[in-house]
Amino acid sequence: DSFRLSSALVEIQDFSGPTTAIAVSGTPVFDYTRSEDEFEDVNCFYHLTTFQNYMQSLGYNLVNYQIGVDAHALGGSDNSLFSYPKLYFGDGCVDDAEDADVIIHEYGHAITASAAPNTWVGNERKALDEAAGDYLATSYTRALNPFNWELMFSWDGNNVCWPGRTAASPKHYPEDLSGDTHKDGEIWNAAGLLCLRLKTLS
């Protein structure tokens, strides 16, 4: 009679190698340190549940299915992704599922796929999708802690592993378009956060 990280919204699973035992507990307490694999399970479950509950409180009915999550996936590579109806998080360099930015960014792909299915076509549309994930992640983690808020992937990136991205890009549309959907996404993300900041100041 174990407790598991499963709800109507999110379920922690093991569907992508490496095979990793998922977090279970004999009591309704899941308390782990970063050195334990179960830490990433709990981190995913917490942030995805918190974010989905917030969306529902605003009246949005998106990603209205139980999303499967493997916090140790993709053969341990330094990458993460959403592929309906599942989220995959790699363990390369810094474990991706340790970073709330990565978790919410990938969930952002689930949100846009739910809002506008089968529209991920063309570089600018893909850049907007990357930007939507970055915007949601940046605004979410900034609300938790504003320190270095502009550093997208402030735990997983912006270090010796990889440079991450910025939410405070000076790039300008269209002359700074590069054709790289992640780099071009910085344009849209910075614009969205600027609007949010101006609204907060007004």
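The values are calculated or read from the model by the stated rules, or taken from the named source; none is laboratory data. This one's a predicted model, so the numbers in the text were calculated from it and none came from an experiment. With ideal geometry, Cβ positions are generated from the backbone for all residues, glycine too; neighbour counts draw on all protein chains shown. Ligands, DNA and RNA are excluded from the accessible area calculation, which covers all protein heavy atoms including side chains. Shrake-Rupley method; radii C 1.70, N 1.55, O 1.52, S 1.80 Å.
Please go through (1) of a type in the set (Val, Ile, Thr); (2) open to solvent by 40 Å² or more (accessible area, probe 1.4 Å); (3) within 15 Å of the chain's Cα centre (by Cα); (4) at pLDDT below 95 for residue 138 and return the number of the only condition it doesn't satisfy.
Residue 138 satisfies all of (1) of a type in the set (Val, Ile, Thr); (2) open to solvent by 40 Å² or more (accessible area, probe 1.4 Å); (3) within 15 Å of the chain's Cα centre (by Cα); (4) at pLDDT below 95 except (2).
From the list 19, 49, 27, which one is surrounded by 14 or more Cβ atoms within 10 Å (Cβ to Cβ) and either over 18 Å from the mean Cα position of the chain (by Cα) or of a type outside the set (Asp, Glu) (or both)?
One residue alone meets the criteria, 49.
Condition (residue is surrounded by fewer than 20 Cβ atoms within 10 Å (Cβ to Cβ), in a helix (DSSP H, G or I) and not basic (Lys, Arg)) applied to region 143-156: is it met by at least one residue?
yes
In region 54-77, how many residues are more than 19 Å from residue 13 (Cα to Cα) and either without any contact (Cβ under 8 Å) to a residue 12 or more places away in the chain or in contact with a Phe, Trp or Tyr (Cβ under 8 Å, 6 or more places away or on another chain) (or both)?
Going through region 54-77 one residue at a time, the tally reaches 7.
Is it the case that region 92-110 has a residue that's open to solvent by 10 Å² or more (accessible area, probe 1.4 Å), within 15 Å of residue 165 (Cα to Cα), of a type outside the set (S, T, N, Q) and under 15 Å from the mean Cα position of the chain (by Cα)?
yes
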